[in-house]
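Just below is one structure, and these are the notes that go with it.
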Amino acid sequence: MAIRIMVGINNIVLAMREAGPLKMIVETLGFQHLDLEVTIPRVEVFRDAIVDFLEMELGERFSSKARSGWRSILNYVGGAYIYVRREYAGRLKIISSSWRTANNKKKDIMDGEEDDEDVEAAEQDGGGESGVSETEQGEGKGQAGSKKASSEAKNGNGSLASGEMNKAGSMKVPTTFNEMFLFNGAVMGFGSSLWMQEVLGSFDAMVTNVANSYRLQEECDTVSLNIAKYSSTVNLSEFKAVMLASLRSLVPTDWNSAHEVAWTWLWDNIARMLKNLLGKPAVQEKALGRFLMILTEDSQNYLRREIFKRFFALAPKGQDYFKQSTTRLYFIADKVTEMTLEMYRDPKKVVEDISALGLRHVGYGIPTEFFAPFVSGACEVISTMTTDATVEDAYRWSLNLVSRILVRTINEGSTIVMKAINTNNAKQLEKAVACAPRGKRSMWLLDITVGTQSISPLYRSIESGSLESAKAMIRDLLIIRADRDNYYYGADDLFTRHPDVIKRLCADAQALLPGLFDGLIWRSRVTQDGQRRVNFYIKHLVQDADGKFNKCLEWLCEAGGPEIMCHPVVELFSDLVWDGIANRFFMFGKCWFVFTLGLFIISQSVLQHFPESQGIRTSTMAIRCFIYFASLGRLFHAQLSEAIGDCRARRFIRLSGGIRIPAYLGMMKNAISFALMLCLMLMLAEEPIIWCAATYDPDAASKAAVAAAAAAASRLAASDAADSGGGGTSVYSSAGPVVAKVVVNHNANLFTQHCPDGAVNLQVYEPVSMVAMLLYWTLILDLSVVSTRISAFVL
Ligand code: HEM
């Protein structure tokens, strides 16, 4: 601020010799003082302070002539401010009323008042109806535009847009200032002057804050940064021409020379502010970028450290807000420095970010008076690090802008509710919210919006640990209030603004859940036959905003608080969900599982006890195929999708050995399913039927018969020889005694499990199959919920 005052006085002194430039400078400054109540005594105090200061500093050298000169010029400037404020109040009124007209198109362009009311009513009704009236409205405007155009043509004072509109006939008529501006801009041949759109984007904020010099300056600063991104020549008078043409079209009935003067005056002042900045941002960005890029590690540390050191020296109380670790403070210092450069590089994004940051500072409860010393401290540090004035200017100007936007956001966002949250006192909060209108009470507690950013006081109080305030807020939201026409109950607003409120409370503030659920119950004071009516407002617990099934129950189960689960609201809504829908889905899902388990038991244990036949073997094989394809396939698919989902979202849990596994395996049921999948895969790999099938030989039966016959024949021959040799001697061939063998050839049996390879595999297969069976049974334990008695046993 001191620097701004110095620069202002310097400009006045430099322009003192020429009346024209001096008048212009003083007028601009007067424009920037419109929001301040400048009075004669205040001017005198300011003047005397400066003159006394000069006298003190210069001593003898400050002659009486110099003294009277300074007094005269400061009197002139102060008088001019008072004059500007008094005389230009009328202009401000004209600007604001015509701006409202230009943007509230219905009122001025529609033929009559009645139509306005219809349109407004239709708008309130919303949806399709409003669409219809929009169309009608468009037609109305078209007619009005034509009438206006013809009357103005007669007067010889028609605006460009009106004339073009007449020609355009069926063309869509621009109805807002922005549309009209773009239309006129294109017609006047400025379609390629894209910089105009940057000014247009901020024009509303400029006009509505015309009497707020700080805000206006802030808008001009950001616009100048945005314009700096365009290489084309910026001719500000072009904007003025299009602006006036558009306003003439949109404010046709009221427009007169006073309007012309007022808007010209406004634009000239804005243009002067913009002109002061044109060309500077590019140079400053380059200088600051270069300076920050060549900073060594030591210089960076110095900067980080000194920013806070100097800030604390300038504002010792600021230390109360920075009790974080050094690493965190260095991180903030880095961010601050980074923002000063980013402000030049991508002003739009940074302005958005600063709004969000400002709201976070509201949450931290930072008083705005700390910002000036913070900026001064940071600038002092930079000035000790460089001799390049451009770098210093660039840093100071950028950080100043950042700080001004932050302060504005904090001022706009610091509602009495936010201030009460910082005290974490329920009484304070109740007091703060007591003055809210009933219809807006809930939004006071749930939403603070500044620009495009918003925060929720409720969530902020949970984040900051102000649970007393949060509790009071939830209680206040869920009280049913009424006036003659309406009931007011914040449950809808709460769940619409925060669909995940239950999840949030489960994670961060479980103590608040009973209060929230209590608020969803209404009990009548009147009893009837010993009973009284109780209403449960559980709609939002059952379904979400899209009408889909809400995950409330899942969140509550994960939180695992038995006290919460026994709350009447949770009981009612969980019973409703279970009896109405979940029961059927659960049973359907489990039926499949029971069916698979049944088949598994049959294939592994039952069929083996039947005498072996081709039918039994084929059935065993068929059932096992079903298990491998249907059961294993389903398990594999489910596990794979869960694992991929967790990996993509980087959800892992770390086991004791440091091994990371996907988070879904943390749930017992999923881990058992995974183990079952592994068992089934192992069984498939070791399946004896498959291994024996490799040696299956369809002719093996006949070969076995031939071998058996040959063996029988040789046995017969041997006994004949013995008979002829006289008396009971065994016959030995060179190959030894001839023994008749019964040849059992399993290779002839399709789908047999009995073969040398199969026998080896069975040693692994059988134990794994037993484990798989156990896992199947474990997974089916869920079914116990259908019987309280079994559940009690299982639990
Ligand atoms: C131009 C001025 C300032 C800028 C650009 C600025 C910027 C920042 C940034 C970038 C953060 C980190 C936010 C995050 O990542 O969540 C932050 C946090 C913070 N700022 Fe500021 N800040 C400014 C002034 C101040 C002042 C004057 C104070 C208090 C006296 C203050 C108090 C804090 C606190 C308490 C935090 C939170 C630290 C934490 O997360 O533990 N800031 N500020």
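The values are calculated or read from the model by the stated rules, or taken from the named source; none is laboratory data. Everything numeric here is computed off the predicted structure, so don't read it as measured data. Positions of Cβ are backbone-derived with ideal geometry, glycine not excepted, and every protein chain shown enters the neighbour counts. Note: accessible area is taken over every heavy atom of the protein model, side chains too, but ligands, DNA and RNA are not part of it. Shrake-Rupley method; radii C 1.70, N 1.55, O 1.52, S 1.80 Å.
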Residue in the range 361-381 that is open to solvent by less than 30 Å² (accessible area, probe 1.4 Å), of a type in the set (Gly, Ala, Ser), within 11 Å of the ligand (Cβ to nearest atom) and within 29 Å of the chain's Cα centre (by Cα) present: yes
All positions within the range 607-621 that are assigned to a helix (DSSP H, G or I) and surrounded by 13 or more Cβ atoms within 10 Å (Cβ to Cβ): Leu607, Ile616, Arg617, Ser619, Thr620, Met621
For Glu558: the one exception among (1) open to solvent by 70 Å² or more (accessible area, probe 1.4 Å); (2) closer than 21 Å to Gly490 by Cβ; (3) in contact (Cβ under 8 Å) with a residue 12 or more places away in the chain: (2)
The range 334-354 - residue that is touching a residue at least 60 places away in the same chain (Cβ under 8 Å) and open to solvent by less than 10 Å² (accessible area, probe 1.4 Å) and, of those, nearest to the ligand (Cβ to nearest atom): Thr340
Matching option when the condition is open to solvent by 60 Å² or more (accessible area, probe 1.4 Å), closer than 23 Å to Val336 by Cα, away from the ligand (no atom under 16 Å from the Cβ) and not in a loop (DSSP other than H, G, I, E, B), among Glu430, Glu412: Glu412
Selection within the range 293-305 - part of a helix (DSSP H, G or I) and away from the ligand (no atom under 15 Å from the Cβ): Met293, Glu297, Asp298, Ser299, Gln300, Asn301, Tyr302, Arg305
Criterion (charged (D, E, K, R), open to solvent by less than 40 Å² (accessible area, probe 1.4 Å), within 27 Å of Ser454 (Cβ to Cβ) and under 27 Å from the mean Cα position of the chain (by Cα)) met by exactly one of Asp500, Asp476, Asp493: Asp476
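Looking at the range 217-224, is at least one residue within 14 Å of Met273 (Cβ to Cβ) and free of Cβ contacts under 8 Å to residues at least 24 places away in the same chain?
yes
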Some residue of the range 389-405 being surrounded by fewer than 16 Cβ atoms within 10 Å (Cβ to Cβ) and either on the phi < 0 side of the Ramachandran plot or more than 10 Å from the ligand (Cβ to nearest atom) (or both): yes
Members of the range 415-427 found to be touching a Phe, Trp or Tyr at 6+ places or on another chain (Cβ under 8 Å) and either in a loop (DSSP other than H, G, I, E, B) or open to solvent by 60 Å² or more (accessible area, probe 1.4 Å) (or both), listed by number: Thr415
Of the criteria (1) closer than 20 Å to Val210 by Cα; (2) open to solvent by 40 Å² or more (accessible area, probe 1.4 Å); (3) aliphatic (A, V, I, L, M), which one Ala80 fails: (2)
Residue within the range 306-321 that is polar (S, T, N, Q) and within 12 Å of the ligand (Cβ to nearest atom) present: yes
Test: residue in the range 358-365 that is within 29 Å of Trp195 (Cα to Cα) and either modelled with pLDDT of 95 or more or in the same structural domain as Gln300 (by TED's automatic domain parsing) (or both): yes
Enumerated helices (runs of 4 or more DSSP H) restricted to the range 456-498, each holding at least 2 residues that are in contact (Cβ under 8 Å) with a residue 24 or more places away in the chain and closer than 17 Å to Ala432 by Cβ: 457-463, 467-477
Single match in Ser383, Ser403, Ser398, Ser355 (criterion: part of a helix (DSSP H, G or I), farther than 30 Å from Tyr230 by Cβ and hydroxyl-bearing (Ser, Thr, Tyr)): Ser383
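If you check Met565 against the conditions, is it more than 17 Å from Leu520 (Cβ to Cβ) and surrounded by fewer than 17 Cβ atoms within 10 Å (Cβ to Cβ)? Walk me through it before giving the result.
Numbers: more than 17 Å from Leu520 (Cβ to Cβ): no; surrounded by fewer than 17 Cβ atoms within 10 Å (Cβ to Cβ): yes.
Considered against the rule, which asks whether it is more than 17 Å from Leu520 (Cβ to Cβ) and surrounded by fewer than 17 Cβ atoms within 10 Å (Cβ to Cβ), Met565 comes out as no.
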Residue in the range 322-333 that is nearest to the ligand (Cβ to nearest atom), counting only those that are without any contact (Cβ under 8 Å) to a residue 12 or more places away in the chain and outside any helix (DSSP H, G or I): Gln324
Residue in the range 676-694 that is loosely packed, with under 14 Cβ neighbours inside 10 Å and either touching an Asp or Glu at 6+ places or on another chain (Cβ under 8 Å) or at pLDDT below 85 (or both) present: yes
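Can you say whether Pro457 is of a type outside the set (Asp, Glu) and buried (at least 19 other Cβ atoms within 10 Å of the Cβ), as far as the supplied structure shows? If you could, list the steps in order and put the result at the bottom.
Details: of a type outside the set (Asp, Glu): yes; buried (at least 19 other Cβ atoms within 10 Å of the Cβ): yes.
Against the criterion (of a type outside the set (Asp, Glu) and buried (at least 19 other Cβ atoms within 10 Å of the Cβ)), Pro457 qualifies.
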Residue in the range 18-32 that is open to solvent by 30 Å² or more (accessible area, probe 1.4 Å), among the hydroxyl-bearing types (Ser, Thr, Tyr) and not assigned by TED's automatic domain parsing to the domain that holds Ala258 present: no
